[in-house]
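The values are calculated or read from the model by the stated rules, or taken from the named source; none is laboratory data. Please read all numbers here as calculations on a predicted model, not as lab measurements. Positions of Cβ are generated from backbone atoms using ideal geometry, with glycine treated the same way; all protein chains shown enter the neighbour counts.
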């Protein structure tokens, strides 16, 4: 199983903002921190604003910030939000689909995967990661 790059970039944005909670952060700064094109983050940030994870502030000192405390954003919740079609198997067109029972244990395994992620928050990732906070913290004001 593999999560999409969209989810990866969503986590990157959330991690950066979790470390830089004291201000609105321009998308360009996040992109520069990860050495990734800003265009990759624009769609992700828009979705995270629309779904209530981020707040967006326009203007000269604008940017994005977390809409909720880091202790209230679980990794599993983010995965469900960014991977609405998450599944391990694609049984469409399979000739044995109507007889096969494999989808049930695979769905059970997928549910267990996301349930484990539900146990962790952005706060857990930031405080348990050696060096991440120092690497992502920006002195820009």
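A few points about this structure:
- Any pair with Cβ under 7 angstrom, 6 or more apart, that starts in the range 130-141 at a residue that is modelled with pLDDT under 65 and ends at one that is part of a loop (DSSP other than H, G, I, E, B) and surrounded by 10 or more Cβ atoms within 10 Å (Cβ to Cβ): 141/23
- Candidates 100, 91, filtered to the one that is farther than 30 Å from residue 12 by Cα and either in contact with a helix residue (DSSP H, G or I) (Cβ under 8 Å, 6 or more places away or on another chain) or at pLDDT below 90 (or both): 91
- Subset of the range 33-51 (residues that are within 15 Å of residue 135 (Cβ to Cβ) and either part of a strand (DSSP E or B) or out of contact with any helix residue (DSSP H, G or I) (no Cβ under 8 Å at 6 or more places or on another chain) (or both)): 35
- Flag if residue 71 is in contact (Cβ under 8 Å) with a residue 40 or more places away in the chain, over 19 Å from residue 133 (Cβ atoms) and not in a loop (DSSP other than H, G, I, E, B): no
- Residues of the range 52-67 that turn out to be free of Cβ contacts under 8 Å to residues at least 40 places away in the same chain and either under 14 Å from residue 28 (Cβ atoms) or not in a loop (DSSP other than H, G, I, E, B) (or both), as a count: 6
- A residue that is more than 17 Å from the chain's Cα centre (by Cα), modelled with pLDDT under 95 and assigned to a helix (DSSP H, G or I) cannot be found anywhere in the range 17-26.
- Only residues that are in contact with a strand residue (DSSP E or B) (Cβ under 6 Å, 6 or more places away or on another chain), farther than 18 Å from residue 79 by Cβ and buried (at least 18 other Cβ atoms within 10 Å of the Cβ) were counted across the range 25-46, and they come to 1.
- Options 86, 110: the member that is outside any helix (DSSP H, G or I), out of contact with any strand residue (DSSP E or B) (no Cβ under 7 Å at 6 or more places or on another chain) and modelled with pLDDT under 95: 86
- Condition met for residue 77 (surrounded by 15 or more Cβ atoms within 10 Å (Cβ to Cβ), part of a helix (DSSP H, G or I) and out of contact with any strand residue (DSSP E or B) (no Cβ under 8 Å at 6 or more places or on another chain)): yes
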